[in-house]
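Below is one structure, written out as structure tokens; the observations come after it.
Please treat every number below as a calculation from the coordinates, not as lab data. Predicted model, so just to flag it, every value in this text is computed and none were measured. Cβ placement follows ideal geometry from the backbone for every residue including glycine, while neighbour counts extend to all protein chains displayed.
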Amino acid sequence: MSAAVPGPASSAAESQRRERKKRQTRDALVHAALTLFDAKGYEHTAVREITDAVDVSERTFFRYFASKEDLALSVIRERADALVRELAARPAAEPPMTALGNAFRASLGTLATDADSPGGQSLYLRVTMLIVTTPTLLAAHLGARSDQDEALVRVLAEREGVDPLTDLRPRLAAAVFGGLAFTANQVWQADGDGSVDAMMAAYDACASQLTPALAGHWT
């Protein structure tokens, strides 16, 4: 008698199990790395120490990340990718800056609280603070930001039906949004409350001051 051939449902379940296992391994590597970066410093942490903490091989590490730098920036990259996806999904009736703000809020909802961090900070905040205190990571992050900005420009242009090569408005809107998000991040980090709600509040506070800051005198 021939062996039973797995049906579509069984194959899908197995595929989901493998993907879940991959994600668990990847997340374990990120958490172990951040714990070691906090304890020893980014520059003084070796890949082997990260893999030893998770009990996997260095070969496994390099299946997920090209380097320590890639691991650290992956958290920021995922959040940036979520922002672009959320912007593309916003209703067409929303004006560009409204859509950007709502997409930012929605993408922040994907940030998980890191139970292993002091005060239960979000993983995103831990990585952000690591980047701003590590010159090599900060330089790499600033370089990667240009790719995110270009993705936002493309989506904004598509939403509004304009050519970003001849119309400056998508690029200006992305630049203004980037300034708001950067300032909100600074406020968030200084506040000491690493929650997603605190980040949303910081962004809303910055956005509420945009028009007063640009229109007329401040007194």
Legend entry - Ser122 long-range amide H proximity, modeled H, under 5 Å: Asp114
Legend entry - Residue-by-residue Karplus 3J(HN,Hα) for region 151-168, coefficients 6.51, -1.76, 1.60, Hz, glycine and proline x: 5, 5, 4, 4, 5, 4, 5, 5, 4, 9, x, 10, 9, x, 7, 10, 10, 7
Legend entry - Whole-percent pair-distance distribution, where bins are 10 Å wide, for the alpha carbons of region 8-65: 23, 43, 21, 10, 3
Legend entry - Between helix 8-40 and the chain: long-axis angle, C-alpha atoms, 0 to 90°, nearest 10: 70
Inset, instruction - Determine the sum of side-chain charges near Thr133: Lys and Arg each +1, Asp and Glu each -1, restricted to other residues whose C-beta is under 12 angstrom from that of Thr133. - result: -1
Inset, instruction - Sorted from largest down, give the three principal axis spans of the alpha carbons of the chain, whole angstrom values. - result: 78, 50, 31
Inset, instruction - Putting +1 on Lys and Arg Cβ atoms and -1 on Asp and Glu Cβ atoms, find which of Cys206, Ala144, Ser57 reaches farthest to the positive end of the dipole of the chain. - result: Ser57
Legend entry - Approximate spin-label separation Asp27-Ser67, in nm, with each point projected 7 Å along Cα-to-Cβ: 2.8
Inset, instruction - Using Cα pairs closer than 8 Å and at least 6 residues apart in sequence, work out the relative contact order for region 65-219, in percent. - result: 23
Inset, instruction - Could you work out the local net charge near Arg85, counting Lys and Arg as +1, Asp and Glu as -1, over the other residues with Cβ closer than 14 Å to its Cβ? - result: +2
Inset, instruction - Could you calculate the FRET efficiency of Ala215 with Asp167 from 1/(1 + (r/R0)^6), where r is the beta carbon distance between them and R0 is 22 Å, rounded to 0.05? - result: 0.45
Inset, instruction - Please give the contour-minus-distance gain from Ala201 to Ala139: 0.36 nm per residue of separation, less the Cα-Cα distance, rounded to one decimal in nm. - result: 19.6 nm
Inset, instruction - Note down the nm distance, to one decimal, between modelled labels 7 Å out along Cα→Cβ at Ser11 and at Glu49. - result: 4.5
Legend entry - Under Karplus coefficients 6.51, -1.76 and 1.60, residue-wise ³J(HN,Hα) of region 183-190 in Hz, glycine/proline x: 5, 4, 4, 5, 4, 4, 5, 6
Inset, instruction - Report the label-to-label distance for Thr60 and Arg105 in nanometres (one decimal), using points 7 Å from each Cα along the Cα→Cβ vector. - result: 4.1
